[in-house]
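Data first, discussion second: the structure below is written as structure tokens.
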Amino acid sequence: MRKPEAPASGTLLGTSAYIFLIRFFPTLASVVALVWLSRSTPPAFYGLYQSFWVQWQVLHVVACLGLPTLLLTYPAAVVNALVSRLSIPRLAGLLCWVSLCAVGLMLAQHYTGSPFARWQAGAFLLLNMPVAVLEAYVLLKRRFRAVALVSIGYAALFVLGHGALVHSWLSAGQMMSGLLLGNALRLAALGYLAGRQYRAASATRLVPLPAGVRQLWLHTAFNEVVQVLFRWADKLALNFLLPAALFALYFNGTLDVPFLPLLLGAAGSALLLHFGEPQLPDAERVRLLRHTAGWLGRLVFPLFFFLVLFRHELFGVVFAHRYDAAVPLFLLSSLVLPLRAYNFTALLQHKAQGRTISTGAVLDLALALLLMYPLYRWLGLGGVALAFVISTWCQAAYYLGCTARLLNRPWPELLPWRTWAAQLVGFGLGLAALHAALARWLPETAVLVWGAGAVALLLLLQLWQLRRSA
């Protein structure tokens, strides 16, 4: 519970920062591994490696059935009441579902080829599903430091394992065995924390369950599955259709910049936690949403302009010019990045508007699939990327309009227009001038190093100010 004198927005930003840091280190580890393998392994092996992760990302979300998001939607007392009502048949059904998803991953790996043993792929999925659920449960009690230590430990193991793979100290199968051991330890640690938390709450009287829990769960699970299909549908389809080396090119060209979804996810989780506070009026929730969007803009827009303006240097230095043909794909896919500065579904999720969220997700995916073939015929693989950009902007407009109707407010009132305009102009002109000056006088590597250093310093200053205001 926040201090009485602490403003809600400050507490919200602090919670967002903690959740972001918890998820930052595993994401950073995956980025380090991606760059390492892109530079050091043949495109065919790298394509098979990323094919595994694409298939895993989709089936992991399918296996989780929206449970982590559902847990963060309700107060801890309600979640404890839900847990206490779980029966053995329901737990058995959930286990069967996760096992079925693991078998699906094993079959997909068998079809596309895999650098790992089939049983390792299935076991990786089986371990990660309860990890995601338990982590969300522990976060309900703001156990940020404990969860962060677990996250950092696993990230360190992930980086060490991939370093050993790159230097041929371990085979791919041996590396995956190490990751399985790390996930087992992570599961044990989170299980211990969750068990203590549940036992401490069992002495208190259980609250009655709110109406519509099952319906919200169904819509949450459906929406998350559709969203992950939308995010990975192109890669999921192409990893079955393209040769591994060509798939590696498309994958690197349409990389979802890892830390931006992470920022939005952390802010969204924090918003759900704070929206659930009792006696909080809708006007305050809108204010929190706008305030958070303003802060996200200070982080998202500098990254957007850096990635767009420094894209040639980025691919030349990071990927050693091995994937320069992917630069046009990267430019097209980057056009969705400004949308990461706003959480379009947080208020809809809080208001249990699962059907609206699900409808938007289905329309989004349907529009992308409808546009994919004609744009592919026009622009090649770039048309596939552009189809998903167009549908993402349309989905954002749909969610914004639905939220405005739900709150009976004009939709422009939900967005921090003046703040964003100032940020876009300031960051855009500043980084354009910086790139022009650096490119005129410095070689490629120095341009990227100085540009990335300037942006990193800028982002660290923003995060420091965010932390001070928490």
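Derivation of every value follows stated rules applied to the coordinates shown; laboratory data play no part. Keep in mind that this is a model prediction, so the values were computed, not measured. Glycine gets a Cβ as well: all are built from the backbone with ideal geometry, and neighbour counts include every protein chain shown.
Couple of notes before you dig in:
- Ala184/Ala404 FRET efficiency (R0 41 Å; Cβ-Cβ; nearest 0.05): 0.30
- Within the chain, the selection of entire DSSP H helices by a Cα span of 30 Å or greater along the long axis and an average Kyte-Doolittle value of at least -0.5 returns 8-40, 43-64, 88-112, 118-139, 144-166, 172-202, 213-241, 282-309, 354-379, 381-407, 417-441, 444-469.
- The overall shape of segment 254-470, judged from the alpha-carbon gyration tensor, is oblate: a/c is not under 1.5, and a/b is no greater than b/c.
- By average C-beta atoms within 10 angstrom, highest first, the peptides 451-459, 27-35: 27-35, 451-459
- Whether segment 333-396 is rounded, prolate or oblate, judged on the alpha carbon gyration tensor where a/c under 1.5 counts as rounded: oblate
- Taking Arg377, Arg322 and counting other C-beta atoms within 10 Å, the order from fewest to most: Arg377, Arg322
- Neighbour counts of C-beta atoms inside 10 Å place Glu444, Glu313 in the sequence Glu444, Glu313, starting with the fewest.
- Cβ-placed point charges (K, R +1; D, E -1), dipole of the chain about Cα centre in debye, nearest 20: 1140
- Modelled FRET efficiency - R0 22 Å, Arg214 with Gln57, Cβ distances, 0.05 increments: 0.25
- Net charge over other residues, Cβ less than 13 angstrom from the Cβ of Gly316 (K, R count +1; D, E count -1): 0
- Shape call, segment 368-470: gyration tensor on alpha carbons, a/c limit 1.5: oblate
- Computed about the Cα centre, the dipole magnitude for segment 55-198 is approximately 440 debye when only Lys and Arg (+1) and Asp and Glu (-1) carry charge, each at its Cβ.
- Listing Lys235, Lys351 from fewest to most neighbouring C-beta atoms within 10 Å gives Lys351, Lys235.
- In range of the label at Leu107: residues from segment 29-60 whose backbone nitrogen is under 20 Å from the point 7 Å along Cα→Cβ: 51-60
- Estimated dipole of segment 254-470 in Debye, rounded to 20 [Cβ of Lys and Arg +1, of Asp and Glu -1, Cα centre]: 360
- Charge sum, other residues only, whose C-beta stays under 13 Å from Val228's C-beta, Lys/Arg counted +1 and Asp/Glu -1: -2
- Note on Leu442 and His321: the model spin-label points, each 7 Å out from Cα along the C-beta direction, lie 2.0 nm apart.
- Extension gain (nm, one decimal) between Arg90 and Ala422, 0.36 nm per residue minus Cα-Cα: 114.3 nm
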